[in-house]
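The values are calculated or read from the model by the stated rules, or taken from the named source; none is laboratory data. Note that the coordinates shown come from a computational prediction; the quantities given were computed from them, not determined experimentally. Quick reminder, even Gly has a Cβ in these numbers, built from the backbone with ideal geometry, and neighbours come from all protein chains shown.
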Amino acid sequence: MILPSVNPTSTIAWKQLLEHFSEMENVEMKEMFSIDNTRAEKFHIKWNEFLLDYSKNRINEKTLKLLIDLANEVGLKESISSYFEGNKINETECRAALHVALRAKENELYHINGKNVVPDVYKVKQQIKNLTSQILEGKKKGFSGKVFTDIINIGIGGSDLGPAMVVEALKFYKNELNSHFVSNADVDYTQEILKKLNPETTLVVIVSKTFTTKETITNAKIIRDWILNKSNNKSVSNHFVAVTAETQNAIDFGIESTAIFPIWDWVGGRFSIWSAVGLSISLTVGFSNFEKLLSGAHKMDVHFKETPFEKNIPVLLALIGVWYNNFFKAETEAIIPYSQYLQKFAPYLQQGIMESNGKNIDRNGMEVNYQTSPIIWGEPGTNAQHAFFQLFHQGTKLIPTDFIGFKESLYQDKGRHNEYMSNFFAQSEALLMGKTLEAVEMEMLNISSEKFEKTAPFKVFKGNKPSNSILINKLTPENLGSLIAVYEHKIFVQGIIWNIFSYDQWGVELGKSLASSILEELNTEKPQIHDASTAFLIKAFKDK
């Protein structure tokens, strides 16, 4: 095997962590802060424009030592080397997972089967740059000679979630082009987008590795017909570009070979925004900002690859996540960015994390006897506070939370940004400190004892809820690239510890194959064998 295959529960460190957990399970974090007023100084990392404060966790120096011992016992260091060396760590699909090569410097070497892939990466980047300039300078036009005003990105999964998230996150930097994203095979939604657009000025980017993904090709045909109808069936090839590994399929669809951008089998869909899958990003915010996004990710790659584990941001976040997932039995993690620009960040990470590490078979082909991926969820800032923070503060679940905030407002409105960010600091403090009955009593001094006894219990917050705070100078393309790469590498580390293959996705396939057979049934009178519930539902659907 390329990667080590160690059941983490068999390690010495895991057994020691179980013993240590009994010491830490009910520890009060505010007491640890009270005992050690240098705790925040000890449990933080400063890196470039990032500050990670992980002091608000139920950990101490011994916890970290044992977690790092666990990482060493399962061979994390050797696995990182395999990752960056282009070894086929996606063993069930016999592929590398070398998305780090997509943001490498031009003089760096990343090999697949003995070939340095960086020159190919830069060739495609030049292709992205050329098309971006042709569109933005008005040199490439639609069938009627009008310049393009809108882009439709058609894809699903990583071919949609990644570009859509980044375009939204970098909206401050956008140019005159407007981007729209079509993913779901919901014809009503597709038509809702089309009715707002002019087919004469719409460029369509079809993103599909195989160019056979059903949802993507269905939407592509709808939009192709929409443009053809307006053009009176003139050639509309200049309205379409494709990002795919299957060039002939794109040509058969009617896309010119010069408008096809290649991707490679060593790039997984949920890690593909750094490739030509990010074409819509470049078109919307400019190629220079796309390059800055890649540069930021590359800087985090270097940090992850070269920094000792005890000062390594992705490694520490991953280990802390394992601590809660496997020892505290926390089933979810929340991602709360204090920026509306990052409203699609948690949904993006849902795919990245849960599709990667939502596995129950280990690298030996055996069923695991421990928990793997947590459930990921979240919403931006104060929206989240008014939606589900009640559960955080007074609910019965333990929900480790990552707070992400920025020192500067993009529009330089310091006063209002301070008002917004006061919530960033207040919420993690409230989760830590809670509110005691004594504090409630001080607030209710002028209330009758009868009303106090009736009301006070509902105003008590237990606190002791863990969180990480990631404070970044500003939401720039470069910092966004670094932030995304943090979570990519966190996925990798946790997959190694849980002894699973993070880069396949067989669980996605079953429902897709069943849908194909059911579609035939919906369109014909040939019933198939189903469970009683599914058969009942299909009959109800057809009885219109």
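Descriptive notes on the structure:
- Qualifying position, being hydroxyl-bearing (Ser, Thr, Tyr) and over 25 Å from Asn113 (Cβ atoms), among Ser231, Ser272: Ser231
- Residue match in region 333-344 (condition: surrounded by fewer than 16 Cβ atoms within 10 Å (Cβ to Cβ) and under 27 Å from Leu480 (Cα atoms)): yes
- Taking every residue in region 302-319 that is within 18 Å of Ile353 (Cα to Cα) and pairing it with any residue that is small (Gly, Ala, Ser), at least 6 positions away or on another chain, the pairs with Cβ-Cβ distances below 8 Å are Phe304/Ala485; Pro314/Ala485; Val315/Ala71; Leu319/Ala71.
- The numbered conditions (1) of a type in the set (A, V, I, L, M, F, W, C); (2) outside any helix (DSSP H, G or I); (3) touching a Leu at 6+ places or on another chain (Cβ under 7 Å); (4) farther than 25 Å from Ser79 by Cα are all true for Ile376 except (4).
- Where helices (runs of 4 or more DSSP H) fall wholly inside region 239-325, the ranges with 3 or more residues that are of a type in the set (D, E, K, R) are 287-306.
- Residue in region 430-441 that is surrounded by 13 or more Cβ atoms within 10 Å (Cβ to Cβ), touching a helix residue (DSSP H, G or I) at 6+ places or on another chain (Cβ under 9 Å), in contact (Cβ under 8 Å) with a residue 40 or more places away in the chain and closer than 30 Å to Ala169 by Cα present: yes
- All of (1) in a helix (DSSP H, G or I); (2) touching a Gly at 6+ places or on another chain (Cβ under 9 Å); (3) over 27 Å from Glu91 (Cα atoms) hold for Met442 with one exception: (2).
- Considering only residues in region 8-65 that are among the β-branched types (Val, Ile, Thr) and under 18 Å from Leu317 (Cβ atoms), the one that is surrounded by the most Cβ atoms within 10 Å (Cβ to Cβ) turns out to be Ile59.
- Residue satisfying all of: in region 136-145; in contact with a helix residue (DSSP H, G or I) (Cβ under 6 Å, 6 or more places away or on another chain) and surrounded by 17 or more Cβ atoms within 10 Å (Cβ to Cβ); nearest to Leu283 (Cα to Cα) among these: Lys140
- Only one entry of Glu78, Glu93 meets the criterion of being modelled with pLDDT under 95 and either touching a Cys at 6+ places or on another chain (Cβ under 6 Å) or not assigned by TED's automatic domain parsing to the domain that holds His111 (or both), and that entry is Glu93.
- Criterion applied to Tyr487, Tyr503 was being closer than 30 Å to Lys42 by Cα, of a type in the set (Ser, Thr, Tyr) and in contact (Cβ under 8 Å) with a residue 24 or more places away in the chain, and the one residue passing it is Tyr487.
- Taken together, Ile538, Ile491, Ile500, Ile470 contain a single residue that is aliphatic (A, V, I, L, M), within 31 Å of the chain's Cα centre (by Cα) and in a helix (DSSP H, G or I), which is Ile491.
- Matching entry among Lys465, Lys397 (being in contact with a helix residue (DSSP H, G or I) (Cβ under 7 Å, 6 or more places away or on another chain), within 25 Å of Arg58 (Cβ to Cβ), modelled with pLDDT of 95 or more and surrounded by fewer than 15 Cβ atoms within 10 Å (Cβ to Cβ)): Lys397
- Flag if Pro314 is surrounded by 20 or more Cβ atoms within 10 Å (Cβ to Cβ) and touching a Lys or Arg at 6+ places or on another chain (Cβ under 7 Å): yes
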